[in-house]
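The structure appears below as structure tokens.
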Amino acid sequence: MKRIQSPLVLLALAAMMPLGALHAQTLSTFPESDNSLTPVYNFINTATKTLDMTMYELVDTTAQADLIALAKKGVAVRVILDQNDEFDNNEAAFNALTAGGVSCHWANTKYEATHQKTITVDGTTSMILTANLTSRYYSTTRDFAITDADANDVAEIETVFNADFKNATVTPTAADSLIWSPNESTTALENFINAAQHTLLVENEEMSNSAIVTALSNRAKAGVKVTVIMTNDDNDYESEFETLTKAGVKVYTYVDNDTTLYIHAKVMVSDYGFSDENAYIGSINFSTASMTENRELGQTTQNAAVLLSLNTTLTSDYQGGTLWTKE
């Protein structure tokens, strides 16, 4: 069924939706024309009381300066940075932020990586990113950031941040729209894929998780129009691409060089234009490590404006890519 336009029906659907589905959200799409993360900087600078950030990689002097300026104005700024994978890249930012009055914490080494990319201001609004704050990638990398002001979501993000900042044990509880690794993402993302009835647009940096490959393949075999957009880095996923294409999935790829668009986003758009349209956006790659060993965060959304923007961008991306075929 195509998207229902009746106001009465929309109100009825709204009453049945999770609370997190209808709150105001904004989506930012990268790269921007100025090759910066201006919407992220603007979001950071809305903080008046507190700012909590978890970031896999931070190599951006503008973001660092903004965080230090907030701390000097009396905002309580706390930052968690990954150390298992990114200690060398993050060390300069960690030291500069600490010297500038920011409370910094090296991420818990029990995770293979703390790959989450989240900023929360004043305990009221969070921004969930697919992008790292690493400026050398801004000009060519496809990424997204979405704001989330749902009270339940933000409270859970802060609860997990407070525990992670102390290396304390925490199991995220059921919020309105969040998906966490390593706790629940495998099942949640499989369920998202399995729910698609008509179309499924996918962007991801990795495609090594067999459960995800199987789920995508099964939806294509069931008649769902499944389209995957990725960067083809030395044909690392040849066997997965072959499995997907044999099942009827259309795989579009970009070459991996310094000038071509690099698909770093982790996004899915399901059944766009139908009454059950849905989207996922976050930090979780389709790899076993990302889904079962890392600290990661993503969310689902049914926000119409966000879905429109995501669908438009992903459609443009696959149209600009090359249809993959086995050589």
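The values are calculated or read from the model by the stated rules, or taken from the named source; none is laboratory data. Worth saying up front: this structure is predicted, and the values here are computed from it rather than measured. Don't worry about glycine lacking a Cβ; one is built from the backbone with ideal geometry, like all the others, and counts go over all protein chains shown.
This table checks each residue for (1) in the same structural domain as residue 198 (by TED's automatic domain parsing); (2) over 20 Å from residue 221 (Cα atoms); (3) within 19 Å of the chain's Cα centre (by Cα); (4) charged (D, E, K, R).
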{"residue": "259", "(1), (2), (3), (4)": "yes, yes, no, no"}
{"residue": "262", "(1), (2), (3), (4)": "yes, yes, yes, no"}
{"residue": "265", "(1), (2), (3), (4)": "yes, yes, yes, no"}
{"residue": "269", "(1), (2), (3), (4)": "yes, no, yes, no"}
{"residue": "272", "(1), (2), (3), (4)": "yes, no, yes, no"}
{"residue": "284", "(1), (2), (3), (4)": "yes, yes, yes, no"}
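For region 210-226, the set of residues classified as closer than 10 Å to residue 196 by Cβ and of a type in the set (D, E, K, R) consists of 219, 225, listed by residue number. Could you tell me whether any residue of region 259-277 is among the hydroxyl-bearing types (Ser, Thr, Tyr), in a strand (DSSP E or B), at pLDDT 95 or above and surrounded by fewer than 17 Cβ atoms within 10 Å (Cβ to Cβ)? Scanning region 259-277 turns up no residue that is among the hydroxyl-bearing types (Ser, Thr, Tyr), in a strand (DSSP E or B), at pLDDT 95 or above and surrounded by fewer than 17 Cβ atoms within 10 Å (Cβ to Cβ). Within the set 186, 118, 140, the sole residue that is touching a strand residue (DSSP E or B) at 6+ places or on another chain (Cβ under 8 Å) and surrounded by 18 or more Cβ atoms within 10 Å (Cβ to Cβ) turns out to be 118.
Being farther than 21 Å from residue 36 by Cα and surrounded by fewer than 24 Cβ atoms within 10 Å (Cβ to Cβ) is the filter here, so list the residues in region 51-78 that pass it. 71, 72, 73, 74, 75, 76, 78, listed by residue number. Looking across region 149-167 at every residue that is of a type in the set (S, T, N, Q) and more than 12 Å from residue 80 (Cβ to Cβ), the one that is surrounded by the fewest Cβ atoms within 10 Å (Cβ to Cβ) is identified as 159.
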